[in-house]
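Trainee: Have a look at the structure that comes next, please.
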Amino acid sequence: MTAPTELLGRIEGNFTHAVIAFLDHEGYPMSVATGFTIVPERGVVVLDAVAGAEASPPLDREVNVVFSHIRPQPGIGYDERRYISLWGTLHKTDGHLELVPERTQHWDEQEMSFFEFSERGVPQARRYMDRLSAETGTSVRPRLSTGWLFLRATRLPFLSATFVPVALGVAVAALDGHWHWALAILTLIAASCVHLGLNVANDVFDTLSGADAANVNPTQFSGGSRVILYGLLSLRQMVALMLGFYAVGAGIGLYLAISRGFWPLFGIGLAGLFISVFYTAPPFRFVHRGIGEICVFLGFGPIMTIGAYFVQAKAWSWEAIYASLPVAILIALVLYVNEVPDRPGDAKAGKRTLPVRWTKPTVIAVYAGSAATAFALILIGAITGAIARPTIIALAAIPLALPVYRGLQEFYESPYQLMPRMGKGVQLHMATGLLLVVGYVIAIIASHNITNPPFFLR
Amino acid sequence: MGVLPAPIEELLNTALVAELTVVDDRGRPVTHPLIPLYDGERIYLTSSVLFSRKLEHIKDNGKVSLSISDPNAVKVERFRRATIQGDAIVDDADLHSGWERVLPIWRQKEPAIDFFLGKRVALPLFFERGVIEIRPRRAFLWADGRTDVAPQVFELVGAGR
């Protein structure tokens, strides 16, 4: 709660009138508008007197004085919502009424976004629905359609993080002359299941650790799916979903291992599964220890790409590993930037991510350095032939890194203004990855159609 | 012609915000800015479960008042102010879609609500809402908005029943 004197300073100039609310002799609330003056040095609100016996506020009991403002937006509704509510007893002086506030409550959407304001109401929402459940004898829970709920609970759109490294592994293998489309699809399904299992596990363990509840600034890219927190799904349902995804992923992975080379693929699959499960799960809880980025780098980079390559080619490939490094860095940076708005909640829950540990300048410098490294790897790889030379077209994605970098500089403390820049980070990873794949496709087409392709198409 | 005097109905039909005062569990007034909706008989306000303390208070004590006071929030030829006292009930039998019965009136005042409703997946709890239905019992009208002049008082007992 803000100190009344400080709050009083915000009233004049921001509100046109006050509303005095009190209880009348029948116990009904009565509310009446009036003019006001603020005397901040005395911590007093001076209200103009009101005429009429029924409209005159009492002097012997608590009243509520409210200042409310909106700005109409024709054809839309309104914005600039703010209100300040004060409670206290009125005193009559020189034909005016004076209030020394004893309690206050306020909200200004320019200070606290509507999303944060809403998030702070989640415990009240849960209490209300629990009370209603008890009153009605039926479970009252919020609802979403099955499709939307599945999308929200699994964070399905983030599957691009899996699609890119798998496609890259398959593309590198295809350039080496190995192409089995059915195996490529099975690889993608298995990797997607492990990824979705990870997303759901993240929610389960962040609920158990209190990290999601402590975070009042979730965005569409951070703060988890919140389906458990909101009561859309139970913890038990999410655990079942998590196990289901891991079971399907592991089952397909086992099939691929048996049919394409057991020990290498078993090892790759096990490493991926281990990182996925213990990313947020105890006892390791990698993300709590500040190594979430390394896990994401490995899991959504070399592990998926070399795994996809091995399924196709039954062999290892340094090229596949090298090709995975830029996308691995960029997906780790997606997580890294997404952790920026989660800092307060993560810190409260003991989740010591890198943005929790580091200062703003360090976080931004590491972002810039890492993004530059990702593109330097592409440039060096394409020039030296460590990866297919047409992949140099992936450098075209560089401009997408700039809004993220500038967003971190400008909106480090403003989660909802940073949100579009976080989206750019996702696009940066996807665009770079897809351009790398396109580079490989160009090289594949050239190798099949030109007897001796020029060096820049190899 | 509704149950309220025409000048007050006109205010209710255009007001983008009104101040709803309820009585809390310690018998103190608590005021909340909300969009008032009016169908000629009852006044409706909706509240998300996220901000549902007012719903709890009304369930415990249905005595409420609603003040239309903000000159920026109403579009009438001659500005005036009004307060309506009444008895409120909360309809929360179907939090998910029960409130949609007042959506046509809501939409007239805040067309953007359809856009937000389309984003329901992003704000699921915001659209779990109870409906506050107020049956007016007494109304006060300050014809030119000046409250240093005594209001006209309209007894409406029996109205909206």
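Throughout, read-outs are computed from the coordinates displayed, never taken from laboratory work. Since the structure is predicted, the reported quantities are computational estimates derived from the model, not experimental observations. Note: ideal-geometry Cβ built from the backbone for every residue, glycine included; neighbour counts use all protein chains shown.
Trainee: What nm distance separates the two modelled labels at A:Glu12 and B:Val153, each placed 7 Å from Cα along Cα→Cβ?
Mentor: Each label point is offset 7 Å from its Cα along the Cβ direction, giving 3.6 nm.
Trainee: Can you tell which of B:Ile132, A:Val296, A:Thr207 lies farthest toward the positive end of the dipole of the protein assembly as shown, using +1 and -1 charges on the Cβ of basic and acidic side chains (Lys, Arg; Asp, Glu)?
Mentor: A:Val296
Trainee: What FRET efficiency do you get for B:Asn72 and A:Trp263 if R0 is 56 Å and r is their Cβ-Cβ distance, rounded to the nearest 0.05?
Mentor: The pair B:Asn72/A:Trp263 has a calculated efficiency of 0.15.
Trainee: For the protein assembly as shown, compute the orientation-averaged projected area of the C-alpha convex hull (one quarter of its surface), in nm².
Mentor: The directionally averaged projection comes out at 32.1 nm².
Trainee: Can you pull the percent of Cα pairs in the stretch B:6-155 with separation above 19 Å?
Mentor: Value for the stretch B:6-155: 52 percent of Cα pairs lie more than 19 Å apart.
Trainee: How would B:Glu128, A:Glu319, A:Glu41 line up from fewest to most surrounding beta-carbon atoms within 10 angstrom?
Mentor: The order, fewest Cβ neighbours first, is A:Glu41, A:Glu319, B:Glu128.
Trainee: Based on Cβ point charges of +1 for Lys and Arg and -1 for Asp and Glu, what charge dipole magnitude is obtained for chain A about its Cα centre, in debye rounded to the nearest 20?
Mentor: Dipole about the Cα centre, nearest 20: 2040 debye.
Trainee: Distance between the C-alpha centers of the stretch A:24-71 and the stretch A:224-247? Whole Å please.
Mentor: Result: 49 Å between the Cα centres.
Trainee: Filter the cross-link list A:Lys360/B:Lys119; A:Lys92/B:Lys59; B:Lys63/B:Lys109; B:Lys59/B:Lys109; A:Lys348/B:Lys109; A:Lys424/B:Lys54 down to pairs whose alpha-carbon distance in this structure exceeds 30 Å.
Mentor: A:Lys360/B:Lys119; A:Lys92/B:Lys59; A:Lys348/B:Lys109; A:Lys424/B:Lys54
Trainee: Once a ≥ b ≥ c are taken as the square roots of the eigenvalues of the Cα gyration tensor of the stretch A:109-173, is the result rounded (a/c under 1.5), prolate (a/b larger than b/c) or oblate (a/b not larger than b/c)?
Mentor: oblate
Trainee: Now a separate question. Over the stretch A:373-422, what is the mean sequence separation of C-alpha contacts under 8 Å (at least six apart), divided by residue count, expressed as relative contact order in percent?
Mentor: 23
Trainee: Can you find, among A:Ala397, A:Thr93, A:Ile11, the residue farthest towards the positive end of the dipole of the protein assembly as shown? Put +1 on the C-beta of Lys and Arg, -1 on that of Asp and Glu.
Mentor: A:Ala397
Trainee: Could you state, as a whole-number percent, how many of the C-alpha pairs of the stretch A:4-111 are farther apart than 25 Å?
Mentor: The answer is 22 percent, as a whole percent.
Trainee: Another question, then. Note down the relative contact order for chain A as a percent, whole number, built from C-alpha pairs under 8 angstrom at least six residues apart.
Mentor: It rounds to 12 percent for chain A.
Trainee: Another one. Using a 10 Å cut-off around each Cβ, can you sort A:Thr451, A:Thr384 from fewest to most neighbouring Cβ atoms?
Mentor: Least crowded to most crowded, the residues run A:Thr451, A:Thr384.
Trainee: To continue, here is another question. Determine, for B:Ile132, A:Ile383, A:Ile38, the number of other Cβ atoms within 10 Å of each Cβ, and report the residues in order from fewest to most.
Mentor: Listing B:Ile132, A:Ile383, A:Ile38 from fewest to most nearby Cβ atoms yields A:Ile383, A:Ile38, B:Ile132.
Trainee: Aspartates and glutamates near B:Lys75 by alpha-carbon distance under 15 Å, same-chain residues fewer than 8 away left out - which ones?
Mentor: The qualifying aspartates and glutamates are B:Glu9, B:Glu10, B:Glu110, B:Asp144.
Trainee: Another question, if that's okay. Quote the relative contact order of the stretch A:4-111 in percent (integer), defining contacts as alpha-carbon pairs under 8 Å separated by 6+ residues.
Mentor: Rounded, it is 25 percent for the stretch A:4-111.
Trainee: Charges only on Cβ, +1 for Lys and Arg, -1 for Asp and Glu: so what's the dipole of chain B about the Cα centre, in debye to the nearest 20?
Mentor: Around 160 debye, computed over chain B.
Trainee: Lys/Arg Cβ at +1, Asp/Glu Cβ at -1, dipole of chain A taken about the Cα centre: which of A:Ile252, A:Phe22, A:Gly121 is farthest positive-ward?
Mentor: So the residue we want is A:Ile252.
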